[in-house]
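The block underneath contains the structure these notes are about, expressed in structure tokens.
The values are calculated or read from the model by the stated rules, or taken from the named source; none is laboratory data. Everything numeric here is computed off the predicted structure, so don't read it as measured data. Cβ: placed from backbone, ideal geometry, glycine included. Neighbour counts: every protein chain shown. Calculation scope for accessible area: heavy atoms of the full protein, side chains included, ligands and nucleic acids excluded. Shrake-Rupley method; radii C 1.70, N 1.55, O 1.52, S 1.80 Å.
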Amino acid sequence: MDTRDELIDKLLDLAFAEDVGDGDHTTLSTIPADEKGKQQLIIKEEGTLAGVEIARKVFEKFDPSLKMTVFINDGAHVKPGDIAFVVEGPVRSLLQTERVMLNIMQRMSGIATTTARYQDKLKGFKTKVLDTRKTTPGMRMLEKEAVKIGGGKNHRIGLFDMILIKDNHVDFAGGIKEAVAAAKKYLKDTSRDLKIEVEVRNTEEINLALEAGVDRIMLDNFTPERTREAVKLINGRTEVESSGGITYDTLRDYAECGVDFISVGALTHSVKGLDMSFKACQ
């Protein structure tokens, strides 16, 4: 599996390939090669800033001569008019990196802002909000990084860093007992140390998961009432996660039941980007 940095590097290669292609012909035809300038990132909407360090990678990858001066770091609360950073160097490079940087930062900041809003709603509870695999293809590492910047936790990065036995796995494997036993044998045979989580649909499956010995139980599409009963039944014997159709408005209802985690696909699959612009300055 590629490392995080390798995946981000590949993403930036693709981003420049699809945006710059064989050259920004508008910039190349209107801006002299030796023209130097400066641009600043202006925040236009209140939220949580994310992507500053990735923006640095964007500039360094395209043109190492670009100099970035940061005033506001990842995770900070920002408001309209704030200047996050200034970049100076060849104007051609500034103009050709602008959209790639903005696309990444607006997306990441939107996710961090939404995550912070959700986690803030859980104040007073032990419950942490989790992301899911419902991410933009190719941007998962950045989107999950944005969730962490916003105060949430990553569930799993992909299919490779956790065993998550869902309903289809259970049905194909012949049951929870069989699926968990097979997963434990696989981990032993392949010398892997991964946590095992099982998605359950009812009380019977909760008991089967507990008997099988898992690290976490996911309560799928349980109502708050059923969740409260399930948490009481599990009684701290394993971590508990609520998932499925949980919204910002119902978030606290589930936290009040005593679950450890609530997974929310909306953190990444339908978030609005944070408004910002990259403008020339003196």
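For the range 80-103, how many residues meet the condition of being closer than 28 Å to LEU130 by Cβ and open to solvent by 10 Å² or more (accessible area, probe 1.4 Å)?
1
Give me a count of the residues in the range 238-282 that are at negative phi and in a loop (DSSP other than H, G, I, E, B).
The total comes to 20.
Could you please tell me which pairs satisfy a Cβ distance under 7 Å, a separation of 6+ or placement on different chains, a first residue in the range 236-247 that is more than 11 Å from ILE217 (Cβ to Cβ), and a second residue that is assigned to a loop (DSSP other than H, G, I, E, B)?
Close Cβ pairs satisfying both conditions: GLY244/ASN221; GLY245/ASN221; ILE246/VAL264.
Which condition number does ALA33 fail, the rest of (1) within 29 Å of GLY152 (Cα to Cα); (2) part of a loop (DSSP other than H, G, I, E, B); (3) small (Gly, Ala, Ser) being met?
(1)
Among residues belonging to the range 107-121 that are surrounded by fewer than 20 Cβ atoms within 10 Å (Cβ to Cβ) and touching a residue at least 60 places away in the same chain (Cβ under 8 Å), point out the one that is nearest to GLN40 (Cα to Cα).
My answer is ARG117.
Among the helices (runs of 4 or more DSSP H) confined wholly to the range 123-191, which include 1 or more residues that are more than 27 Å from the chain's Cα centre (by Cα) and surrounded by fewer than 13 Cβ atoms within 10 Å (Cβ to Cβ)?
Fully inside the range 123-191 and qualifying: 167-173, 176-189.
Could you check how many residues of the range 192-217 are closer than 16 Å to PHE160 by Cα, crowded, with 19+ Cβ neighbours inside 10 Å and of a type in the set (A, V, I, L, M)?
2
Return a yes/no flag: does the range 216-237 have any residue that is over 30 Å from ASN103 (Cα atoms), modelled with pLDDT of 95 or more, assigned to a loop (DSSP other than H, G, I, E, B) and aromatic (Phe, Trp, Tyr).
Yes; the residues of the range 216-237 include at least one that is over 30 Å from ASN103 (Cα atoms), modelled with pLDDT of 95 or more, assigned to a loop (DSSP other than H, G, I, E, B) and aromatic (Phe, Trp, Tyr).
If you scan the range 60-75, which residues turn out to be surrounded by 13 or more Cβ atoms within 10 Å (Cβ to Cβ) and among the small types (Gly, Ala, Ser)?
Across the range 60-75, the qualifying residue is only GLY75.
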